[in-house]
1. For the list (1) closer than 29 Å to Leu240 by Cβ; (2) under 21 Å from the mean Cα position of the chain (by Cα); (3) not β-branched (Val, Ile, Thr), I need the number of the one condition that Leu151 fails.
2. How many residues, within the range 37-64, are assigned to a helix (DSSP H, G or I) and over 30 Å from Ala164 (Cα atoms)?
3. Which of the residues that make up the range 310-329 are touching a Leu at 6+ places or on another chain (Cβ under 9 Å) and either among the aliphatic types (A, V, I, L, M) or more than 17 Å from Ala289 (Cβ to Cβ) (or both)?
4. Report those helices (runs of 4 or more DSSP H) wholly inside the range 122-208 carrying at least 3 residues which are over 16 Å from Val17 (Cβ atoms).
5. Quick one: which residue in Asp123, Asp174 is in contact with a strand residue (DSSP E or B) (Cβ under 8 Å, 6 or more places away or on another chain) and on the phi > 0 side of the Ramachandran plot?
6. Residues to consider are Ala138, Ala120; find the one that is within 16 Å of the chain's Cα centre (by Cα) and either aliphatic (A, V, I, L, M) or more than 15 Å from Phe28 (Cβ to Cβ) (or both).
7. Mind listing whichever residues of the range 216-252 are among the acidic types (Asp, Glu), farther than 26 Å from Arg18 by Cα and crowded, with 16+ Cβ neighbours inside 10 Å?
8. Take Ser31 and decide whether it is surrounded by fewer than 21 Cβ atoms within 10 Å (Cβ to Cβ), of a type outside the set (A, V, I, L, M) and either modelled with pLDDT of 95 or more or outside any strand (DSSP E or B) (or both).
Amino acid sequence: MEVAADLAPDTPTDAPVRKIIHVDMDAFYASVEQRDDPALRGKPVAVGGSSRRGVVAAASYEARKFGVRSAMPSITAKRQCPDLIFVPPRFDAYREVSHQIRAIFHDYADEVEPLSLDEAYLDVSADKAGLGSATATAKLIRRRIRDETGLTASAGVSYNKFIAKLASDQNKPDGLTVIPPGRGAAFVQTLSIRRFHGIGPVTAAKMEGLGVFSGADLAGKDPLWLAENFGNSAEWLFNLARGIDHRRVKSNRPLKSLGGERTFFNDLTTDTEIREALAHVCTVVWDRAAKKGARGRTVTLKLRYADFKTITRAKSVAAPILDGAALLAAGEAILAPLLPTEQGIRLLGLTLSKFEGEEDEADEAPAASNDLLSLI
């Protein structure tokens, strides 16, 4: 389905206009499982563990009708949808499909910026395939994905990354939404701020507490008010409410962070158990860092307690961490003040960031991306 926003145009601009497509696979992991096992088609499916310690990694649209969502405890998901079918994740299968769709992307754009296995930005301003428009390109990409993988994808077409991503989510599943130049601000201002990519639940709750519920509410706030309440993010928020985003599509997206986390079948309660778990996660994280040649200066520890309360603590060091022992030492230094714990630990994670050569870029949004290895 194609939808072009029927909104009054903004003030014209002489700035160069990019043509950006955001492609997002529909319920990717669950859809792969339903494709490969016909018995699952049309049924509520959750990818993840079914044990009392399990977590939903992805849910089919049939399951989402019952409120089942990713990151939801499996026991809660099963309570909300008694007929829910759990299947274990098959990441090799998901990566194989991801390689297929990325190959399709590169037939139409030289600048392709993957965000994860199942979504990417494409800059098609150069019209590599000679199709005449970004909309025609998006239509053909979606048709080829369906024909070659048996899966559906939704796409957003617009003049910047922020609006293209919002648009791809507008008519899921299997939708195409086009927001042309001059109509971006009006489109953005019709949306809840909880739809804004880069505004997380905590910031959204703060905004709502201040009376900001929509893009229109946000657009009504002046820069001084935004600076007083949101500090360095003020200019970024001011621009988003007006459909302004100058970030480029970057085919060589810099690594911002990498990490690992582990969910435990039984809560960890002793200091020894928790430290051993930290050492295991550090080993995995350092193995990934070593393979990428990444040397970071900031270590972030994540703990989720038995009551699902989650905390993060970070520590930065003056020089890049050069080996696994130094990474573990940094992790232990963060962990030490948190021990002993009054309740069990159900999840422990560690992330390494602030890599050598990393520079803050003026055209990047404040929120950093993650390259996270999940160990469930």
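1. If we test Leu151 against (1) closer than 29 Å to Leu240 by Cβ; (2) under 21 Å from the mean Cα position of the chain (by Cα); (3) not β-branched (Val, Ile, Thr), just (1) comes out false.
2. Initially, the range 37-64 is screened for residues assigned to a helix (DSSP H, G or I), giving 38-40, 61-64.
With the extra rule that they be over 30 Å from Ala164 (Cα atoms), the set shrinks to 38-40.
Of the residues in that region, 3 qualify.
3. Residues of the range 310-329 touching a Leu at 6+ places or on another chain (Cβ under 9 Å): 310-315, 321, 327-328.
Passing the criteria: Thr310, Ile311, Thr312, Arg313, Ala314, Ile321, Leu327, Leu328.
4. Values: elements: 134-149, 161-168, 184-188.
In the range 122-208, 134-149, 161-168 are the helices (runs of 4 or more DSSP H) which contain 3 or more residues that are over 16 Å from Val17 (Cβ atoms).
5. Values: Asp123 fails: on the phi > 0 side of the Ramachandran plot.
Just one listed residue meets the conditions, Asp174.
6. On the way: Ala138 fails: within 16 Å of the chain's Cα centre (by Cα).
One residue alone meets the criteria, Ala120.
7. Step one: list which residues in the range 216-252 are among the acidic types (Asp, Glu), which gives 217, 222, 228, 235, 245.
Filter once more, so that each one left must be farther than 26 Å from Arg18 by Cα: 217, 222, 228.
Passing the criteria: only Asp217.
8. Values: surrounded by fewer than 21 Cβ atoms within 10 Å (Cβ to Cβ): no; of a type outside the set (A, V, I, L, M): yes; either modelled with pLDDT of 95 or more or outside any strand (DSSP E or B) (or both): yes.
Judged against the criteria, Ser31 is not a match.
The values are calculated or read from the model by the stated rules, or taken from the named source; none is laboratory data. This structure is a prediction, so every number in the text was calculated from the model and none was measured. Cβ coordinates were reconstructed from backbone atoms using ideal geometry, including for glycine residues, and neighbour counts include every protein chain displayed.
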